1. Find the helices (runs of 4 or more DSSP H) located wholly in the stretch 53-166 whose residues include 3 or more that are out of contact with any His (no Cβ under 7 Å at 6 or more places or on another chain), modelled with pLDDT of 95 or more and under 20 Å from GLN231 (Cα atoms), and list them.
2. Which pairs do you get when a residue that is under 12 Å from LEU12 (Cα atoms), found in the stretch 121-135, comes within reach of a residue that is open to solvent by 50 Å² or more (accessible area, probe 1.4 Å) and part of a helix (DSSP H, G or I), reach meaning Cβ atoms under 7 angstrom, with the pair 6+ apart or on two chains?
3. Examine the stretch 181-203 for a residue that is assigned to a helix (DSSP H, G or I), under 26 Å from LEU90 (Cβ atoms), open to solvent by 60 Å² or more (accessible area, probe 1.4 Å) and modelled with pLDDT of 95 or more, and state whether such a residue exists.
4. Can you tell me how many residues within the stretch 42-80 are touching an Asp or Glu at 6+ places or on another chain (Cβ under 9 Å) and closer than 18 Å to TYR158 by Cα?
5. Considering the stretch 40-62 alone, what residues qualify as being over 18 Å from the mean Cα position of the chain (by Cα) and not β-branched (Val, Ile, Thr)?
6. Could you grab me the full set of residues in the stretch 85-124 that are in contact with a Pro (Cβ under 8 Å, 6 or more places away or on another chain) and either under 21 Å from TYR157 (Cβ atoms) or of a type in the set (Asp, Glu) (or both)?
7. In this structure, is LEU43 among the hydrophobic types (A, V, I, L, M, F, W, C) and either open to solvent by 60 Å² or more (accessible area, probe 1.4 Å) or free of Cβ contacts under 8 Å to residues at least 40 places away in the same chain (or both)?
8. Pairs under 7 Å by beta carbon, first residue in contact (Cβ under 8 Å) with a residue 12 or more places away in the chain in the stretch 186-198, partner buried (at least 18 other Cβ atoms within 10 Å of the Cβ) and outside any helix (DSSP H, G or I), six or more apart or different chains?
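The values are calculated or read from the model by the stated rules, or taken from the named source; none is laboratory data. Computed from a prediction, not measured in an experiment: that's the story for all the values here. Because the Cβ atoms are built from the backbone with ideal geometry, glycine has one as well, and the counts that use them run over all protein chains shown. Heads up: the accessible areas ignore ligands, DNA and RNA and are worked out on the full protein's heavy atoms, side chains in. Shrake-Rupley method; radii C 1.70, N 1.55, O 1.52, S 1.80 Å.
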Amino acid sequence: MGIISDVVVLVLAVAPVVWLMRYVYRQDKYEKEPLGMLVKAFLFGILSIPLDLIIVGIINSIWTGGAVFYSAFWEAGIPEELSKWIIFMLVIWKNKNFNEFFDGIVYATFISLGFACVENIMYVFDSGSFFDSIGTGLTRAILSVPAHFLFGVIMGYYLALAKFVPAQKQKYLIFSLVFPMLAHGIFDYILMLMSSIGEAVPFIALVLFVLFIYFDIRLWKQGLKKIRQMQEASKIQHMEEVLNGFMDKNE
């Protein structure tokens, strides 16, 4: 591919990431996160990729599998979400800017999209011809990048609950790791199984396609519901802070 083709492919790979980051930033209605922290979360999301490779290497050294289930969960869903979760705990968990419910979703999705951005660039430039790269970019813009975003929403939702509902901290910390892993693993498993069956068994492939569409729609519904719930929780937090500040001034 030439320079112009490379630029087009690069823009196609990065555009859905930028759009989703802009979307979640605009949903943070009560206390916008500092841009420096958002850039930091995104860059550390990129650094979760080598961490993911290390985890995959450890898993493969212990247990070498070849089945679709192994690839979907043990080489994708589990190590990728674990690497993002570790980055969140190291970089965001104790940061003073993580001070309201919706922040969990903001930071987790920025970390997840940092991972997705580099992964997307690698996939589109590894597709061969220019038109193959365009096809890969469009497919991933519709499926893979939004999926990483939604896995981040799930993770951030439960990390926020773990942070601000301390009585149930351990439960929500477990949920923040396990549920994104399950969602990611199931998402990849259906896609990989559908691809491996291909034209060999058209009926089963069709059933899997319908199942995947259903799962993806459910994933979006749950993700948007969690965003609304955290927005409402942050609204209540904000109102309580304003009320407490007003009362302090009048004591």
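1. 101-125, 144-164
2. ILE121/LEU10; SER133/PHE125
3. Within the stretch 181-203, one or more residues are assigned to a helix (DSSP H, G or I), under 26 Å from LEU90 (Cβ atoms), open to solvent by 60 Å² or more (accessible area, probe 1.4 Å) and modelled with pLDDT of 95 or more.
4. The number of residues fulfilling the criteria is 2.
5. Across the stretch 40-62, the qualifying residues are GLY57, ASN60, SER61.
6. Of everything in the stretch 85-124, those that are in contact with a Pro (Cβ under 8 Å, 6 or more places away or on another chain) and either under 21 Å from TYR157 (Cβ atoms) or of a type in the set (Asp, Glu) (or both) turn out to be TRP85, ASN97.
7. Here the answer is yes, as LEU43 does meet what is asked.
8. none
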